[in-house]
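Step one of this worksheet: look at the structure below.
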Amino acid sequence: ILGFSTPPGRLSVMAFILNALTCALGLLYFIRRGKQCLDFTVTVHFFHLLGCWIYNSHFPLTLTWWLVHIVCTALMAAIGEYLCMRIELREIPLNSAPKSNV
């Protein structure tokens, strides 16, 4: 069903892309480190590959399946790293006022 020629196939591809975008937000919420985004992204997609392999009882061999998952992996890692880096690179507020009233 995963393909570009039929409407259900295009809908599935769009669902995978939206899932990559929402998972990038999950990386921002749970990971918060730009260096670890690629590791967690590849781990999540590896577990998805194992789940698909077990569920279908055979290794996925279609080119469209691999293309969609490679694009979604790259998209999730790039957007997640971008969002995490924006948080990491915020200015640290330095307050020169004393902390206690003496």
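Bear in mind that the values in this text are calculations on the coordinates, not laboratory data. Everything numeric in this text was worked out from a predicted model, so none of it was measured. Every residue, glycine among them, receives a Cβ derived from its backbone with ideal geometry; neighbour counts consider all protein chains shown.
To the nearest 20 debye, what is the magnitude of the charge dipole of the chain about its Cα centre, counting +1 on the Cβ of each Lys and Arg and -1 on the Cβ of each Asp and Glu?
220 debye
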Next on the checklist: Highest mean first, how do 50-57, 16-23, 73-80 rank when packing is the count of other Cβ atoms within 10 Å averaged over residues?
Outcome noted: 73-80, 16-23, 50-57
Checklist entry - Can you tell which of His48, Gly9, Leu21 lies farthest toward the positive end of the dipole of the chain, using +1 and -1 charges on the Cβ of basic and acidic side chains (Lys, Arg; Asp, Glu)? => result Leu21
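Expressed as a fraction of 2.2 N^0.38 Å, the rule-of-thumb size for a compact globular protein of N residues, what is the C-alpha radius of gyration of region 34-89?
In units of the 2.2 N^0.38 Å rule of thumb, it is 1.33.
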